[in-house]
Amino acid sequence: MSQPALFAPLTVGGLDLANRIVIAPMCQYSAVDGCMTDWHLIHLGHLALSGAALLTIEATAVLPEGRISHADVGLWDDVSEAAMARTLESVRRWSDMPVAIQLGHAGRKASTEVPWKGGAQLLPGDPRGWKTEAPTSLPFAAGQDSPAALDGAGLARVRDAFAASAVRAARLGLDAVQLHAAHGYLLHQFLSPLSNRRTDAYGGSLENRMRFPLEVFDAVRQVFPPDRPVTVRVSGTDWVEGGWTIGETVEFARALEALGCAAIHVSSGGLDPRQDIPVGPGYQLPLARAVKQGVSMPVVAVGLITGYDQAEAIVAAGDADLVALARAMLFDPRWPWHAAAHLGASVTAPPQYLRSQPQGFPDLLRPGRTRGTAA
């Protein structure tokens with residue numbers, strides 16, 4: 001019986017992946033002053049035992065003002081780095097799954113309450129809020145506080161912060177970095193003509209709107225170890241007339257690949273409240289397929305991918321090289337186990353769990369290895 005495409009190994013920018021299942025970054029809104037807590041150890045720890053190929057740490061702010069909420073994880077100073085090191089040390093003691101980190105800046109979508117308390121913007125006068133910053137002073141939604149438009153010094157400060165966080169990520173031994181240029185956050189705000197109304201070299205034409213995100217990517221790629229991949233998550237479209245398009249996404253992807261981008265993760269939306277998204281199973285797959293046809297680097301598909309045969313078909317057809325799961329992994333943290341059983345493959349599992357292998361699946365679980373502790 002041939003090996004299922006979903007469980008074929010793949011090397012991405014020097015990083016060997018055991019299969020094509022990626023755990024997407026999922027914000028937990030459970031940090032204190034940017035520092036990971038015991039919740040992150042629980043959350044990341046059980047996902048690291050799932051049998052997926054790669055675990056991605058949630059959107060991690062490169063500056064305090066770049067957090068989506070006051071409870072977001074950060075990696076901007078020695079204290080936040082030490083907190084992440086403690087979490088990684090424990091996770092790695094029991095799992096050899098590669099771990100990536102998504103670095104980001106929320107721009108005008110920063111300074112919010114946590115989702116289960118409504119997620120509303122917190123104004124600068126709120127004890128947990130701050131003044132946001134963006135390409136221009138246009139707020140995300142009517143009635144919100146207008147962000148401060150980043151000047152030349154501000155752009156340099158943000159770009160340097162991305163690079164500094166990447167240095168910290170390398171020091172922590174993280175296996176890959178993903179830059180967040182999707183979902184309406186700062187780098188996406190520069191890309192879209194709906195949010196970028198600048199009249200300088202960073203606004204107007206597609207070339208100018210791509211300039212700052214490409215500068216950030218280049219700065220990170222220059223400081224992150226060359227044998228470890230740097231990837232990017234993008235929104236393939238704003239789903240709003242006059243906004244960012246899939247054609248522009250393909251051009252951006254090509255520019256990233258020319259700078260050494262190792263893979264691109266194609267999501268969509270998040271920039272404008274007027275978005276009209278045709279939500280349904282695999283609704284973002286056409287976007288990933290379009291990018292896949294325009295670049296040589298691996299492409300990651302995401303968005304309501306929940307079925308085992310659905311995921312297998314995506315990879316087998318060549319629509320994408322990997323699939324990313326988020327909510328599906330929270331609902332079923334052993335999704336890769338069940339997919340392997342369904343498709344006739346095997347996954348790595350902790351030796352403590354090997355006896356859970358059901359009768360009828362004698363080759364489903366193979367023992368994993370520990371990989372020591374964080375640096």
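The values are calculated or read from the model by the stated rules, or taken from the named source; none is laboratory data. Computed from a predicted structure; not experimentally measured. Virtual Cβ from ideal backbone geometry, glycine too; neighbours counted across all protein chains shown.
Values computed for the structure shown
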item: Odd one out for W94 among (1) in contact with a Leu (Cβ under 8 Å, 6 or more places away or on another chain); (2) farther than 24 Å from R233 by Cβ; (3) at pLDDT 95 or above; (4) not charged (D, E, K, R); result: (3)
item: Pairs with Cβ under 8 Å, 6+ apart, first in region 2-13 and more than 21 Å from S296 (Cα to Cα), second of a type outside the set (G, A, S); result: P4/E312; P4/L343
item: Selection count where residues are more than 19 Å from L63 (Cβ to Cβ) and either within 25 Å of the chain's Cα centre (by Cα) or among the acidic types (D, E) (or both), scope region 115-135; result: 6
item: Selection from region 284-305 of residues that are at pLDDT 95 or above and more than 22 Å from V12 (Cβ to Cβ); result: P286
item: Among (1) in contact with a Pro (Cβ under 6 Å, 6 or more places away or on another chain); (2) of a type in the set (A, V, I, L, M, F, W, C); (3) closer than 14 Å to G104 by Cβ, the one test that A141 misses; result: (3)
item: Boolean, R168 is more than 23 Å from V302 (Cα to Cα), without any contact (Cβ under 8 Å) to a residue 40 or more places away in the chain, crowded, with 20+ Cβ neighbours inside 10 Å and not aliphatic (A, V, I, L, M); result: no
item: Residues satisfying the stated conditions in region 67-90, i.e. more than 18 Å from the chain's Cα centre (by Cα) and either crowded, with 24+ Cβ neighbours inside 10 Å or not in a helix (DSSP H, G or I) (or both); result: H70, D77, T87
item: Within region 204-244, tally of residues that are within 14 Å of F190 (Cα to Cα) and more than 20 Å from the chain's Cα centre (by Cα); result: 8
item: For G270: the one exception among (1) over 18 Å from Q189 (Cα atoms); (2) in contact with a His (Cβ under 6 Å, 6 or more places away or on another chain); result: (1)
item: Test result for G173, in a loop (DSSP other than H, G, I, E, B), within 19 Å of M84 (Cα to Cα), touching a Leu at 6+ places or on another chain (Cβ under 8 Å) and of a type outside the set (K, R); result: yes
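Matching residues to (1) of a type in the set (D, E, K, R); (2) assigned to a loop (DSSP other than H, G, I, E, B); (3) surrounded by fewer than 17 Cβ atoms within 10 Å (Cβ to Cβ):
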{"site": "T11", "(1), (2), (3)": "no, no, yes"}
{"site": "N19", "(1), (2), (3)": "no, yes, no"}
{"site": "P25", "(1), (2), (3)": "no, yes, no"}
{"site": "S30", "(1), (2), (3)": "no, yes, no"}
{"site": "L55", "(1), (2), (3)": "no, no, no"}
